[in-house]
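Novice: Dropping a structure here in structure tokens format, bear with me for questions.
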Amino acid sequence: MQAATTLASFVGPATIGIVLTAAAIDLDRRRIPNWLTFGAWIAALPVQMTIHGITAGSLTWLYGWLVGLALFLPFYLLRGMAAGDVKLLAAVGAWLGATMIVNVALATCVIGGVWALVQLLITRQTLVTFSRMSYMLSMAIQRRARPVQPEGEASAGSIPYGVAIAAGTLAMLFAGT
């Protein structure tokens, strides 16, 4: 029982280390490597099993991973997010569990949304971006083929979303203490 309590106090710092590493790499390379996301996901299993027992720990690990994956997978499928971001949220879910990862995802979306709006304002691409979003939505409603980006219009850029995931994770971990 003592080992489980000690290990439980390790979950927060380990998760912080994972998301800060992902954020730093994402800022530098604009990608989050599989060795980090898959390594974090796999490392969470024995930790969860030690804390909660074999069955409950395995389920905590699995449900957290599945919920984390399911929350951001639609954004990846719509080409609005990179695969590394989805895998990172899933790995964080494996560490923190299904309930906490929902809160982390909500905080991440708020932080990422504010960041995106600021970037749109700075790059003066607000109207162009909303026009593209309207076009993509109309194509989706009409169930046509993939929307094609109009030629000649500059992109507002992309966001290294690993940073937003790290910020959302930190916000929820520190809000819970």
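The values are calculated or read from the model by the stated rules, or taken from the named source; none is laboratory data. Keep in mind that this is a model prediction, so the values were computed, not measured. Virtual Cβ from ideal backbone geometry, glycine too; neighbours counted across all protein chains shown.
Novice: Which of the residues that make up region 27-37 are crowded, with 16+ Cβ neighbours inside 10 Å and among the hydrophobic types (A, V, I, L, M, F, W, C)?
Specialist: Listed by number, the residues that qualify are I32, L36.
Novice: Also, I was wondering about something else. Which numbered condition in (1) surrounded by fewer than 16 Cβ atoms within 10 Å (Cβ to Cβ); (2) more than 17 Å from T169 (Cβ to Cβ) is the only one that Y76 fails?
Specialist: Unmet for Y76, out of (1) surrounded by fewer than 16 Cβ atoms within 10 Å (Cβ to Cβ); (2) more than 17 Å from T169 (Cβ to Cβ): (1).
Novice: Let me ask something additional. Taking the condition among the hydrophobic types (A, V, I, L, M, F, W, C), surrounded by 24 or more Cβ atoms within 10 Å (Cβ to Cβ) and touching a Phe, Trp or Tyr at 6+ places or on another chain (Cβ under 6 Å), does A91 pass?
Specialist: So A91 passes the test.
Novice: While we're looking at this one, here's another question. Pull out all pairs, ordered by first then second residue, where Cβ-Cβ is under 8 Å, the residues are six or more apart or on different chains, the first lies in region 48-77 and is within 18 Å of N103 (Cβ to Cβ) and at pLDDT below 95, and the second is surrounded by 16 or more Cβ atoms within 10 Å (Cβ to Cβ) and not acidic (D, E).
Specialist: Hits for this filter: F75/M81; F75/V86.
Novice: Confirm whether L88 is hydrophobic (A, V, I, L, M, F, W, C), within 20 Å of I18 (Cα to Cα) and either in a helix (DSSP H, G or I) or modelled with pLDDT under 95 (or both). Outline the logic, then answer.
Specialist: Numbers: hydrophobic (A, V, I, L, M, F, W, C): yes; within 20 Å of I18 (Cα to Cα): yes; either in a helix (DSSP H, G or I) or modelled with pLDDT under 95 (or both): yes.
Criteria met by L88.
Novice: Working carefully through the options I32, I42, find the one that is of a type outside the set (K, R), at pLDDT 95 or above and outside any helix (DSSP H, G or I).
Specialist: One residue alone meets the criteria, I32.
Novice: Restricting region 62-73 to residues that are under 18 Å from G39 (Cβ atoms) and touching a helix residue (DSSP H, G or I) at 6+ places or on another chain (Cβ under 7 Å), which is surrounded by the most Cβ atoms within 10 Å (Cβ to Cβ)?
Specialist: Per the criteria, the residue is G68.
Novice: Under 7 Å between Cβ atoms, at least 6 apart or on separate chains: pull out the pairs that start in region 99-125 with a residue that is more than 12 Å from A171 (Cα to Cα) and end on any residue that is of a type in the set (G, A, S) and surrounded by fewer than 17 Cβ atoms within 10 Å (Cβ to Cβ).
Specialist: Q119/G157; T123/G157; Q125/A154
Novice: Being within 29 Å of S158 (Cα to Cα), crowded, with 21+ Cβ neighbours inside 10 Å, out of contact with any Gly (no Cβ under 7 Å at 6 or more places or on another chain) and in contact (Cβ under 8 Å) with a residue 24 or more places away in the chain is true for just one of A40, A23, A44, A14. Which residue is that?
Specialist: A40
Novice: Kindly establish whether T37 is within 17 Å of G162 (Cβ to Cβ), in a helix (DSSP H, G or I) and among the hydroxyl-bearing types (S, T, Y). If you could, list the steps in order and put the result at the bottom.
Specialist: Numbers: within 17 Å of G162 (Cβ to Cβ): yes; in a helix (DSSP H, G or I): yes; among the hydroxyl-bearing types (S, T, Y): yes.
Answer is yes for this residue.
Novice: Among G17, G53, which is small (G, A, S), more than 20 Å from L173 (Cα to Cα) and out of contact with any Phe, Trp or Tyr (no Cβ under 9 Å at 6 or more places or on another chain)? It would help to see each step written out before you state the result.
Specialist: On the way: G17 fails: more than 20 Å from L173 (Cα to Cα).
One residue alone meets the criteria, G53.
Novice: So in region 132-177, with the set limited to residues that are part of a loop (DSSP other than H, G, I, E, B) and at pLDDT 75 or above, which one is farthest from L106 (Cα to Cα)?
Specialist: If we take residues in region 132-177 being part of a loop (DSSP other than H, G, I, E, B) and at pLDDT 75 or above, then Q142 is farthest from L106 (Cα to Cα).
Novice: Is it the case that region 48-61 has a residue that's surrounded by 15 or more Cβ atoms within 10 Å (Cβ to Cβ) and within 24 Å of P160 (Cα to Cα)?
Specialist: no
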